Amino acid sequence: MNEIQELQTQHYRGRAKNAVQNFLVRKLYIPKVYLDASWNGVPVDVLAVDRDGSGDVHAVNLVLWESGHTDDHGWSAFLDKAVSAAISDFTDFPVHFRYLAVVCSQANKHSWRPNKGVLDQSLAPDGVGRVGILYVNVTEEDPTVEVLLKPERFRSTKEIIDLADRFVAESTANWEVRE
């Protein structure tokens, strides 16, 4: 990848993170939102803690569609494989809500829909929780976020609560309500 392509990819990722941040700010009740967070030692593209840092924890990782996949079949197959791998990385991830944000960085691409295998894999083994899938189009003047698969809350644990309390106390939010 040359320097111009790397800069362009960085811009797409940054715009996607901002779009996801705005989506979470509208969706949640007084969230604290963190970009490029390290949650329990694992990098997360966007992390939000609802209710001014004392509520549910939401983690979003980006899956960037790369421009080398030009035909619709290749594009869909690439995303199915990439999203499937990203869901596997989210197994046992200690947060209440998990999302993947598929980022489209090429104009005039239609919205991708996950295949049945991805839909089945998105569910927690015990059925309590589902990884949500967002579709982020960064080719427009104002990036848009569409919910392709609504997330469902995973079981809470003492570990999640302790991590959230420690993280909020030690980290500076990228977005929060200040009085």
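Here is how the numbers come out for the structure above:
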read-out: Subset of segment 1-13 (residues that are surrounded by 14 or more Cβ atoms within 10 Å (Cβ to Cβ) and under 17 Å from the mean Cα position of the chain (by Cα)); value: Thr9, Tyr12, Arg13
read-out: Cβ pairs under 8 Å, 6+ apart, first in segment 3-19 and in a helix (DSSP H, G or I), second loosely packed, with under 11 Cβ neighbours inside 10 Å; value: Thr9/Met1
read-out: Selection within segment 31-63 - at pLDDT below 95 and either among the aliphatic types (A, V, I, L, M) or within 13 Å of Arg98 (Cα to Cα) (or both); value: Val63
read-out: Subset of segment 132-159 that is under 19 Å from Val57 (Cβ atoms) and more than 13 Å from the chain's Cα centre (by Cα) - its residue that is surrounded by the most Cβ atoms within 10 Å (Cβ to Cβ); value: Phe154
read-out: Residue that is nearest to Ala19 (Cα to Cα), among those in segment 111-152 that are among the hydroxyl-bearing types (Ser, Thr, Tyr) and in a loop (DSSP other than H, G, I, E, B); value: Thr139
read-out: Hits in segment 28-64 - residues which are surrounded by fewer than 22 Cβ atoms within 10 Å (Cβ to Cβ), farther than 23 Å from Val83 by Cα and not small (Gly, Ala, Ser); value: Leu28, Tyr29, Ile30, Asp50, Arg51, Asp52, Asp56
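The values are calculated or read from the model by the stated rules, or taken from the named source; none is laboratory data. No experiment lies behind these values; they were computed from the predicted model shown. Backbone-built Cβ (ideal geometry, glycine too); neighbour counts: all protein chains shown.
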